[in-house]
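**Student:** To start, I am sharing the structure in question, which I have written as structure tokens.
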Amino acid sequence: MKSYSNVGAVLEYTGHTLILFDDRSFRWFSVKRFAWDGAGDEVAVLGALVGHWRYRDHYAAGDSHEEDAGNIHGPYWVVAITPVEFTPIGSEGAIGVVEEFCGLFDCPPRPEVRAQVEAVVLSWLGRSSWYRLRDLPDAIHEWGSVLWEFRELVAISHKSREVLLVVMAID
């Protein structure tokens, strides 16, 4: 596995989980995990994440996490995404974003999907710093509207030295 270094922080990609709601809502979570060497502050970690090729993902296919999407990330041009675009939201803010997404269309996820979301995402709530990528309406690329709902959270765990990238989208 390749690692990426930026401003003292080094991240190594360790895995991916795709959670499909499979309920005709076309909702899904893409969750990427990274090991962090513990160096640098959280801004450096966010910079290393945005600079990592595994961050650049168009999310237009189930296996898109396996290839470098070049200059795009989700609906956005990568060049528009810097650590400044991430807002600290804490655990309460993160759970609010996840719960709101799960409740879209007044259609909660099936119990087995909910269990996956709890195990893969919500289990990080008490042990991490949470950030949300703000909406970037001026940075949407030509076919970015394919993802007509896009939410992104990043969790940074100092204790376990791990980073979690959580993308929630509808396509």
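**Student:** With respect to Gly15, determine if the residue is modelled with pLDDT of 95 or more and surrounded by fewer than 21 Cβ atoms within 10 Å (Cβ to Cβ).
**Tutor:** In short, yes.
**Student:** Counting just the residues of the range 18-37 that are among the small types (Gly, Ala, Ser) and under 15 Å from the mean Cα position of the chain (by Cα), which one comes out surrounded by the fewest Cβ atoms within 10 Å (Cβ to Cβ)?
**Tutor:** Result: Ala35.
**Student:** Kindly indicate whether any position in the range 150-170 is open to solvent by 60 Å² or more (accessible area, probe 1.4 Å), in a helix (DSSP H, G or I) and of a type outside the set (S, T, N, Q).
**Tutor:** no
**Student:** Something else now. Among the residues of the range 104-121, which ones are assigned to a helix (DSSP H, G or I) and in contact with a helix residue (DSSP H, G or I) (Cβ under 8 Å, 6 or more places away or on another chain)?
**Tutor:** Answer for the range 104-121, where residues must be assigned to a helix (DSSP H, G or I) and in contact with a helix residue (DSSP H, G or I) (Cβ under 8 Å, 6 or more places away or on another chain): Arg114, Val117.
**Student:** Answer yes if at least one residue in the range 128-137 is aliphatic (A, V, I, L, M) and within 14 Å of the chain's Cα centre (by Cα), and no otherwise.
**Tutor:** yes
**Student:** Hey, among the residues in the range 71-99 that are among the small types (Gly, Ala, Ser) and under 19 Å from Phe29 (Cβ atoms), which one's surrounded by the most Cβ atoms within 10 Å (Cβ to Cβ)?
**Tutor:** So, considering only residues that are among the small types (Gly, Ala, Ser) and under 19 Å from Phe29 (Cβ atoms), the one surrounded by the most Cβ atoms within 10 Å (Cβ to Cβ) is Gly74.
**Student:** Consider only pairs whose beta carbons are under 7 Å apart and that are at least six residues apart or on different chains; among these, list those whose first residue lies in the range 119-147 and is of a type in the set (Ser, Thr, Tyr) and whose second residue is in a helix (DSSP H, G or I).
**Tutor:** Here the result reads Ser129/Glu42; Tyr131/Leu46, each pair linking the range 119-147 to a residue that is in a helix (DSSP H, G or I).
**Student:** Of everything in the range 122-149, what is surrounded by fewer than 21 Cβ atoms within 10 Å (Cβ to Cβ), assigned to a loop (DSSP other than H, G, I, E, B) and touching a helix residue (DSSP H, G or I) at 6+ places or on another chain (Cβ under 9 Å)? Give them in sequence order.
**Tutor:** Arg134, Leu136
**Student:** Could you look through the range 100-118, keep only residues that are open to solvent by 70 Å² or more (accessible area, probe 1.4 Å) and not aromatic (Phe, Trp, Tyr), and pick out the one that is nearest to Pro83 (Cα to Cα)? Step through it out loud before you land on a result.
**Tutor:** Start the filter on the range 100-118 by keeping residues that are open to solvent by 70 Å² or more (accessible area, probe 1.4 Å), which leaves 100, 105-106, 108, 110-112, 116, 118.
Within this subset, residues satisfying the condition of being not aromatic (Phe, Trp, Tyr) are 100, 106, 108, 110-112, 116, 118.
Details: Glu100: 24, Asp106: 33, Pro108: 32, Arg110: 34, Pro111: 35, Glu112: 34, Gln116: 28, Glu118: 27 Å.
That would be Glu100.
The values are calculated or read from the model by the stated rules, or taken from the named source; none is laboratory data. Keep in mind that this is a model prediction, so the values were computed, not measured. Glycine also receives a Cβ, built like all others from the backbone with ideal geometry; neighbour counts cover every protein chain displayed. What goes into the accessible areas is simple: the full protein's heavy atoms, side chains included, and nothing from ligands, DNA or RNA. Shrake-Rupley method; radii C 1.70, N 1.55, O 1.52, S 1.80 Å.
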